[in-house]
Amino acid sequence: MSLIEVTDLRKRYRSTTVVDGVSFTIGEGETYGLLGPNGAGKTTTIAMVVGVLARDGGGVRLAGRAHEVTSLATKAMIGYVPQEIALYPDLTARENLAFFGRLYGLAGRDLRRRVDEVLDVTGLSERSREAVSKYSGGMARRLNIAAGLLNRPRLLVLDEPTAGVDPQSRGAILDAVARLAGEGVAVLYTTHYMEEAERLCDRVGILDGGRMRAEGTHRELVSLVGAGDHVLITVDGAAAGAVPALERTPGVTRVDADEARLELLVAESRAVLPLILDAVTGAGCAVRSLEVREPDLEAVFLKLTGRALRD
Amino acid sequence: MKALTIGLINLKRVLRDRSNVVFMLGTPILMILMLGLLFGGSREPRLGVSGAAGPLAERLVAALAAGGAVQVERVADAGRLRADVERGRLHGGLVIPQDYDAAVRSGGRADLRYVSLGRDWDAIDLESAVRAAVQRENTLLRAARYGVERGAGPFGERLAVVSRAAGDGAVRVTTTGEAVIPAGLGAFVFSAPPTLLLYMFLTALTTAIGLTQTRLLGVSRRMYASPTPARAIMAGEVLGRLLICLAQGLLIMLGSALLFGVGWGDPLGAAAVLVVFTLVGGGAALVLGSVFRREGPVITLGVLLGLGLGALGGTMVPLESFGEGMRRVARFTPHAWGYDAFTALVRRDAGLLDVLPQVGVLAAYAAALFAVGLWALRRSLVRG
């Protein structure tokens with residue numbers, strides 16, 4: 001069952017439509033990625049989902065309830081991590097967290113305990129009494145996430161949480177998000193990094209020009225491209241000898257041979273790989289190396305929009 | 001409750017910065033001291049006198065001290081007198097030549113020398129007082145000489161006669177109506193109320209930067225994403241600024257009363273003016289902090305409006321010294337209404353009822369500013 005249902009979201013600024021009929025659902029424990037280039041409408045969509053921006057059309061239901069900008073009960077279920085470091089730089093990490101915790105109704109011992117917990121989760125306990133202005137970019141990003149976890153959200157919304165951070169902090173952030181999803185938290189994650197979406201998200205929605213171009217699992221999206229996997233094989237001896245056997249192998253749609261190298265296009269590499277190996281060895285070629293290249297989301301985006309993700 | 005949480009975090013942020021504390025408390029007290037010394041004055045300038053000490057010279061010295069408006073003291077010699085004036089111990093000095101008595105009795109000329117730097121109002125007042133006293137004495141001496149020349153008697157006798165006649169006073173000057181600045185008020189009574197108005201408004205406008213930062217950082221949007229109603233966020237942001245402004249006003253009142261003995265008049269009236277002026281400052285901060293999307297214009301406009309309206313409203317130079325036209329212009333500033341109200345309370349023992357018109361105008365200013373400010377803040381919260 002879906003925790004959140006977003007239906008036909010619309011937003012216009014004067015004569016420009018920035019979000020145009022976006023719909024998706026996210027189940028508990030599921031991580032849903034909104035993938036798109038800058039200006040695709042991801043942040044505006046997120047703002048309407050979180051309830052900080054009034055929408056011009058469509059609806060959002062959270063845990064079966066209508067969710068509006070004035071719905072305090074549903075807002076209490078959402079943890080929001082905005083793209084910017086939305087914290088007071090002159091206050092310490094602990095003071096910032098305590099402040100936002102109070103806005104979620106935490107107080108006294110509960111508040112102190114929860115602040116300690118989120119500091120621990122994000123690995124900031126030791127420097128929690130330092131002003132945020134003294135934090136590195138990565139630490140500030142982690143604290144930004146910590147503030148979104150204070151209310152033990154059922155839905156965690158992260159808007160490009162790894163923008164501008166070092167690889168180590170990025171890894172830590174992605175691990176933390178994956179852990180939360182494992183604990184049953186529904187995650188809505190926007191990014192323009194294809195690798196993040198591939199690594200983290202169970203399902204991905206591809207957003208461009210304010211419209212949802214496609215959505216589904218990685219495999220489902222890749223299948224939209226229509227191309228199969230590329231299998232690259234290096235053999236001892238002349239590769240051309242294996243071509244007839246490979247062309248007869250079910251699932252292989254194209255075979256190119258170049259000296260000791262074979263390049264195959266196959267519909268579903270995992271299923272036909274044993275048959276391919278049998279065909280190559282049966283033709284008297286010893287396999288030295290084998291590489292499978294699946295189409296990625298970049299290719300999907302290119303196919304759907306006619307331009308690269310980071311254009 | 002959440003509004004209080006937001007209000008207190010704003011107060012905490014302001015007080016954490018020590019330069020803010022110095023600006024909010026230290027500078028106003030210093031300003032009260034400076035303006036008090038500049039415009040309040042001692043009202044009794046000090047005059048040093050050196051040189052001849054004969055009966056006629058002493059008579060001149062007595063004439064200088066006669067009105068009670070000048071403190072006269074004898075100084076050993078002209079060199080010392082000059083040094084004391086240069087060091088500021090005396091506002092001016094008069095050197096009487098050693099042959100003064102002889103020259104005057106014989107109808108000759110005696111050259112008095114006046115020493116002054118003329119750099120403050122006391123020195124200027126003193127020079128006028130000295131000129132008037134010397135001129136009067138000169139008139140009496142000439143009248144006495146005239147009598148002697150007409151054979152009416154010896155010089156001493158004639159001088160006594162004309163002095164008595166002049167003492168009766170042919171012309172009397174009577175002041176009617178209400179004095180602009182009543183006698184007997186301390187120097188700091190003039191400087192404390194305008195300083196309070198200037199700094200409260202300026203501080204309120206500087207807190208607008210904090211509101212703009214909160215919006216730009218995305219903190220206000222994050223607050224709105226939490227289960228906190230927009231009205232609580234707005235109330236919290238307003239409350240924080242009002243608390244800062246009110247705290248400064250109260251501390252200036254308390255500090256000036258304790259350090260300089262400033263009496264703020266009727267407590268109810270003073271509290272009413274303080275509260276409505278706090279609301280005016282808070283409202284102005286709300287407008288400034290909610291309208292702009294960058295910090296630069298907020299800082300520039302905040303300083304310009306804070307100082308400009310303050311100067312125009314009589315918080316730097318007393319409103320009483322303005323011409324009629326400028327006084328009319330000053331009426332467009334809230335400062336002028338606050339100045340009027342405090343002037344009535346502090347100088348003329350007015351009560352709450354007497355300052356109700358000024359309180360009403362200030363309340364109208366506050367209401368208008370809050371209406372615009374809350375609309376702009378809500379718009380920035382909901383529309384991003």
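The values are calculated or read from the model by the stated rules, or taken from the named source; none is laboratory data. Note that this is a predicted model, so its numbers are computed, not measured. Using ideal geometry, Cβ is built from the backbone for each residue, glycine included, and neighbour counts are taken over all protein chains shown. Heavy atoms of the whole protein, side chains included, go into the accessibility calculation; ligands, DNA and RNA do not. Shrake-Rupley method; radii C 1.70, N 1.55, O 1.52, S 1.80 Å.
Annotations
- The range A:33-49, residues that are over 16 Å from the mean Cα position of the chain (by Cα) and within 24 Å of B:SER226 (Cβ to Cβ): A:THR44, A:ALA47, A:MET48, A:VAL49
- The single residue among A:THR43, A:THR92 that is of a type in the set (S, T, N, Q) and at pLDDT below 90 turns out to be A:THR43.
- Scope the range A:110-123; condition open to solvent by less than 30 Å² (accessible area, probe 1.4 Å) and part of a loop (DSSP other than H, G, I, E, B); matching residues: A:THR122
- Selection of strands (runs of 3 or more DSSP E) fully inside the range A:1-109 by the criterion of at least 2 residues being within 11 Å of chain B (Cβ to nearest Cβ) and more than 27 Å from A:GLY138 (Cβ to Cβ) returns A:2-13.
- Output for the range B:63-78, where each listed residue is β-branched (Val, Ile, Thr), out of contact with any Ser or Thr (no Cβ under 7 Å at 6 or more places or on another chain) and closer than 11 Å to B:LEU94 by Cα: B:VAL72
- Residue match in the range A:167-183 (condition: away from every other protein chain (no Cβ under 12 Å), part of a helix (DSSP H, G or I), among the acidic types (Asp, Glu) and under 30 Å from A:ASN38 (Cβ atoms)): yes
- Verdict on B:ARG347 being out of contact with any helix residue (DSSP H, G or I) (no Cβ under 7 Å at 6 or more places or on another chain) and charged (D, E, K, R): no
- Number of the condition not met by B:ALA133 [criteria: (1) touching a residue at least 60 places away in the same chain (Cβ under 8 Å); (2) more than 17 Å from B:ARG59 (Cα to Cα)]: (2)
- Hits in the range A:195-222 - residues which are among the small types (Gly, Ala, Ser) and not in a strand (DSSP E or B): A:ALA197, A:GLY209, A:GLY210
- Boolean, A:SER128 is open to solvent by 10 Å² or more (accessible area, probe 1.4 Å) and in the same structural domain as A:GLY184 (by the TED database): no
- Within the range A:278-291, the set of residues being surrounded by 14 or more Cβ atoms within 10 Å (Cβ to Cβ) and within 32 Å of the chain's Cα centre (by Cα) comprises just one member, A:LEU290.
- Count of the range B:15-34 residues which are closer than 25 Å to A:LEU91 by Cα and among the aliphatic types (A, V, I, L, M): 5
- The range B:301-318 - residue that is under 13 Å from the mean Cα position of the chain (by Cα) and surrounded by 19 or more Cβ atoms within 10 Å (Cβ to Cβ) and, of those, nearest to B:LEU205 (Cα to Cα): B:GLY310
- Cβ-Cβ under 8 Å pairs, at least 6 apart or on other chains, the range A:27-53 side among the aromatic types (Phe, Trp, Tyr), far side assigned to a loop (DSSP other than H, G, I, E, B): A:TYR32/A:CYS201; A:TYR32/A:ASP202
- Matching option when the condition is within 14 Å of chain A (Cβ to nearest Cβ), in a helix (DSSP H, G or I) and crowded, with 19+ Cβ neighbours inside 10 Å, among B:LEU345, B:LEU362, B:LEU369, B:LEU381: B:LEU381
- Filter pass, B:PHE292 being out of contact with any Ser or Thr (no Cβ under 7 Å at 6 or more places or on another chain) and either buried (at least 17 other Cβ atoms within 10 Å of the Cβ) or outside the structural domain of B:ALA230 (by TED's automatic domain parsing) (or both): no
- The residues on offer are B:ALA232, B:ALA271, and the sole one that is more than 30 Å from A:LEU72 (Cα to Cα) and at pLDDT 90 or above is B:ALA271.
- B:ALA272 vs. criteria closer than 22 Å to B:VAL361 by Cβ and in contact (Cβ under 8 Å) with a residue 24 or more places away in the chain: yes
Yes/no matrix, rows are residues, columns are (1) modelled with pLDDT under 90; (2) loosely packed, with under 14 Cβ neighbours inside 10 Å:
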residue	(1), (2)
A:ILE233	no, no
A:ALA238	yes, no
A:GLY241	yes, no
A:PRO250	yes, yes
A:GLU259	yes, yes
A:LEU264	yes, no
A:SER269	yes, no
A:VAL272	yes, no
A:ILE276	no, no
